[in-house]
Amino acid sequence: MERTVEPASVGFDAAALANLDRHFAAYVDDGRLAGWQMVVTRRGEVAHASTYGLADMESGTPVASDTLWRIYSMTKPITSVAAMMLWEEGRFELTDEISRWLPEFADMRVFDKGSILKPVTVPATEPMRVWHLMSHTAGLTYGFLMSSNVDALYRAAGDNMDTFTTGDLAEACRRWASMPLMFNPGSQWGYSVATDVLGRLIEVISGQSLGDFFADRILGPLGMSDARWWVDDTDARRLAGLYVPHPQTGTAVRMPSMDHFAREKPNMFSGGAGLICTADDYHRFTQMMLRGGELDGVRLLGNRTVAFMTRNHLPGGADLGTVGSGFAESILDGIGFGLGVAVVLDPTPGKVPQTEGSYYWGGLASTAFWIDPVEELTAMFFTQLIPSGQYPIRTQMRQLVYSALR
């Protein structure tokens, strides 16, 4: 991607924007990251676009405009858009019980006490509904979170970071449905496989695989021509390497245990973490959202639907610091959650300059985006370092972007 406008013409100070490159170059120069790509837009124009470092340290391949990135959980907002497209067709209501289409999720039970060897469960007092999946209030979890007895049960059943996509999506949903819930649906927030269950719901309701639905209804119409679920030999050189911090030095080293997944056709299309794409692809998605569901004459959603998705849907209007469970709640005060994205309610508790009503999410390998409808601004950062919370990349980028606005 390249800049399309002089920064000053859309309200940015060019010298201040240059701080972005200087600041994040240090991450590469001292070995914490292999390389990165970032894009900042305002009023539909690219005000800043830059790359630095290597996409693949072993081959010496530099980050380029067409580098392919594993976006992991940045897939979730796209899956949520797919679901809301069906909602706009009247195919379901957000309050519908998902057991109508996925009967394995009927009569769920909630973990009450005990251990992973002898869990004690009680009947759920509320059925799992579609909006619970989209807002991560379903009571499901992830095996890799390492925060509860329930996620330990997931790991015991074979659900971990490097085994997540074994088996097809229908089989995975049956496995997750056999696990106890962390809490009653709708009562708390817990990051989870809920968006993957949502992907299965899309398959059953639409009659298409999630991959086909994405291709026909979202990726193709939006012109996200490089977005895909795996990378074949033809484009292998474009795929960024996947890294983790060395336990002693902190420098980025290759992560072979998960690196190969992107090179093979997956057993299941993971609506929660499966896509690979370029910065330009995700730029088209964020511009569609910023414009209220439309881009270049292609409308995926109505503008009121986008506005509804990006409001806080947490119980009682609470923030994640109040109702969050097992996911760094202490840093999420002032943040709500909508239908597929986190929503800024009040930037003050987090001490990061961002606009009330902006929304965002990120991926496991430290990718990130946010959309600010008030300032008509989008920002994206791509790199490939697991885990995503290793460095304060996302908060630092917000700090530097907003301080460059004039």
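So the values come out like this:
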| item | result |
| --- | --- |
| Which listed residue, of Arg129, Arg109, is closer than 27 Å to Thr310 by Cβ and either under 25 Å from the mean Cα position of the chain (by Cα) or of a type outside the set (Asp, Glu) (or both) | Arg129 |
| Test: Thr95 is open to solvent by less than 10 Å² (accessible area, probe 1.4 Å) and β-branched (Val, Ile, Thr) | no |
| Only listed residue being assigned to a helix (DSSP H, G or I), open to solvent by 70 Å² or more (accessible area, probe 1.4 Å) and at negative phi, chosen from Arg304, Arg284 | Arg304 |
| Selection count, region 242-262, where residues are out of contact with any helix residue (DSSP H, G or I) (no Cβ under 7 Å at 6 or more places or on another chain) and in a loop (DSSP other than H, G, I, E, B) | 7 |
| Yes/no for Ala156 being open to solvent by 20 Å² or more (accessible area, probe 1.4 Å), out of contact with any strand residue (DSSP E or B) (no Cβ under 7 Å at 6 or more places or on another chain), of a type in the set (A, V, I, L, M) and modelled with pLDDT of 95 or more | no |
| Of residues in region 204-218 being within 22 Å of Cys277 (Cα to Cα) and in contact (Cβ under 8 Å) with a residue 24 or more places away in the chain, the one surrounded by the most Cβ atoms within 10 Å (Cβ to Cβ) | Phe214 |
| Ser225 vs. criteria closer than 30 Å to Gly297 by Cβ and of a type in the set (S, T, N, Q) | yes |
| Hits in region 1-19 (condition: small (Gly, Ala, Ser) and open to solvent by 50 Å² or more (accessible area, probe 1.4 Å)) | Ala8, Ser9, Ala14, Ala15 |
| Pairs, first of a type in the set (Phe, Trp, Tyr) in region 8-20, second at pLDDT 95 or above and open to solvent by 60 Å² or more (accessible area, probe 1.4 Å), C-beta under 6 Å, six or more apart | none |
| One residue from Gly271, Gly292 being open to solvent by less than 20 Å² (accessible area, probe 1.4 Å), on the phi < 0 side of the Ramachandran plot, assigned to a loop (DSSP other than H, G, I, E, B) and in contact with a Lys or Arg (Cβ under 9 Å, 6 or more places away or on another chain) | Gly271 |
| Unique match (being among the polar types (S, T, N, Q), in contact with a Gly (Cβ under 9 Å, 6 or more places away or on another chain) and either in a loop (DSSP other than H, G, I, E, B) or open to solvent by 40 Å² or more (accessible area, probe 1.4 Å) (or both)) among Ser65, Ser59, Ser80, Ser73 | Ser59 |
| Answer from Trp189, Trp176 - the residue that is in contact with a His (Cβ under 8 Å, 6 or more places away or on another chain) and hydrophobic (A, V, I, L, M, F, W, C) | Trp189 |
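Here is a yes/no grid of residues against (1) open to solvent by less than 20 Å² (accessible area, probe 1.4 Å); (2) part of a strand (DSSP E or B):
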{"position": "Asp21", "(1), (2)": "no, no"}
{"position": "Tyr27", "(1), (2)": "yes, no"}
{"position": "Gln37", "(1), (2)": "yes, yes"}
{"position": "Thr51", "(1), (2)": "no, yes"}
{"position": "Phe111", "(1), (2)": "no, yes"}
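The values are calculated or read from the model by the stated rules, or taken from the named source; none is laboratory data. These numbers were taken from a predicted model, which means no experiment stands behind them. Glycine also receives a Cβ, built like all others from the backbone with ideal geometry; neighbour counts cover every protein chain displayed. What goes into the accessible areas is simple: the full protein's heavy atoms, side chains included, and nothing from ligands, DNA or RNA. Shrake-Rupley method; radii C 1.70, N 1.55, O 1.52, S 1.80 Å.
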